[in-house]
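Right, one structure below, let's go through it.
The values are calculated or read from the model by the stated rules, or taken from the named source; none is laboratory data. Values in this document were obtained by computation on a predicted structure and should not be read as measured data. Cβ: placed from backbone, ideal geometry, glycine included. Neighbour counts: every protein chain shown.
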Amino acid sequence: MSADLINALIGGMMIGVAASALLIFNGRIMGISGILNGALKFNKSDFGWRFSFLMGLFSGAIILKAFYPGVFDVPQAGWIEVVIGGVLVGVGTTIGSGCTSGHGVCGISRMSPRSLIATVTFMLFGFLTVGVFRHLF
Amino acid sequence: MKVHIIGFLSGLIFALGLGVSGMTQTEKILNFLDVFGNWDYSLAFVMIGAIIVHFIVYRWITHKDSPIFSNTFHMPTRKDIDKPLVFGAILFGIGWGVVGYCPGPALTSLAGGNPKTLVFVISMLVSMRGYTYLDSKRAVN
């Protein structure tokens, strides 16, 4: 197996461990869009753990920046695409109740029909979008 | 306090996992989504690795009455496939394909210090909050 495949598998298993810890100990689903959406409502009752999760995420990000800065790249999309992409991801994950982590990892592991449909749909439209942008224009 | 420590550690491991796996590289994500071109399928193994671990843990967890540091499991209960679910996933898929960021990697990549990442995250957060606000007003009216 190539190094990329092994890194993907190890990184994926770490993501699985992170999701599992949050579920076993806190009883929460590790869906990033859901955690963000909840945190942005600033409800006193469940803001705390979301904030802690995000602080952990940013700490991990700083560690990556310090030791493996190569894991970050500069998006090749133009400024307008970056804004449109951000809005589509924000609105889409809010309307669709989840993203790659919540639907794709946690939902599929629970064999949730909603998450399975959502994951197949966003993967398909990701394929189509890149296909159109790279091969039609 | 324990809930916060677990939250923090989960976020930490999640971000490191994203970095190790290649999910924070927009170029790699777009190559993974490029099934009609020179497809880089390696990122499929991120989902496979994560699901293998979480699938097994989830089977084991469902035999427990409650999580260790909390009283109840906060699990989604809906089973219906409705229009918002599919429509939202379509919008998300398009946005993912345009730039190469989904929410977790976008937040993590803020540490990369690129202004485009920051603009993406701000657009994402403002639209999330804005949609929720408009939706709540619509519900009241």
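Listed values, structure above:
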item	result
Selection count, segment B:39-60, where residues are among the hydrophobic types (A, V, I, L, M, F, W, C) and either more than 7 Å from every other protein chain (Cβ to nearest Cβ) or part of a loop (DSSP other than H, G, I, E, B) (or both)	4
Subset of segment A:66-103 [more than 7 Å from chain B (Cβ to nearest Cβ), closer than 19 Å to B:G17 by Cα and surrounded by fewer than 22 Cβ atoms within 10 Å (Cβ to Cβ)]	A:A66, A:F67, A:P69, A:G70
Which listed residue is in contact with a Pro (Cβ under 7 Å, 6 or more places away or on another chain) and at pLDDT below 95, from B:K137, B:K79, B:K64	B:K79
Tally of residues being over 17 Å from the mean Cα position of the chain (by Cα) and among the aliphatic types (A, V, I, L, M) across segment A:118-137	4
Scope segment A:82-130; condition farther than 25 Å from B:A15 by Cβ, of a type outside the set (V, I, T) and part of a helix (DSSP H, G or I); matching residues	A:P113, A:R114, A:L116, A:L124, A:F125, A:F127, A:L128
Some residue of segment B:61-74 being in a helix (DSSP H, G or I) and in contact with a helix residue (DSSP H, G or I) (Cβ under 9 Å, 6 or more places away or on another chain)	yes
Qualifying positions in segment B:5-32 - of a type in the set (V, I, T), over 14 Å from A:S101 (Cα atoms) and crowded, with 23+ Cβ neighbours inside 10 Å	B:I6, B:V20, B:T26, B:I29
When residues of segment A:30-65 are limited to those that are farther than 21 Å from B:H54 by Cα and outside any helix (DSSP H, G or I), the one nearest to the other protein chains (Cβ to nearest Cβ)	A:K41
Candidate set from segment A:113-137 (those that are more than 7 Å from chain B (Cβ to nearest Cβ) and of a type in the set (S, T, Y)); member that is surrounded by the most Cβ atoms within 10 Å (Cβ to Cβ)	A:S115
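Conditions tested, residue by residue: (1) in contact (Cβ under 8 Å) with a residue 24 or more places away in the chain; (2) surrounded by fewer than 24 Cβ atoms within 10 Å (Cβ to Cβ); (3) hydroxyl-bearing (S, T, Y); (4) more than 7 Å from every other protein chain (Cβ to nearest Cβ).
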{"position": "B:G100", "(1), (2), (3), (4)": "yes, no, no, no"}
{"position": "B:P103", "(1), (2), (3), (4)": "no, no, no, no"}
{"position": "B:A111", "(1), (2), (3), (4)": "no, no, no, no"}
{"position": "B:K116", "(1), (2), (3), (4)": "no, yes, no, no"}
{"position": "B:F120", "(1), (2), (3), (4)": "no, no, no, no"}
{"position": "B:S123", "(1), (2), (3), (4)": "no, yes, yes, no"}
{"position": "B:S127", "(1), (2), (3), (4)": "no, yes, yes, no"}
{"position": "B:Y131", "(1), (2), (3), (4)": "no, yes, yes, no"}
{"position": "B:R138", "(1), (2), (3), (4)": "no, yes, no, yes"}
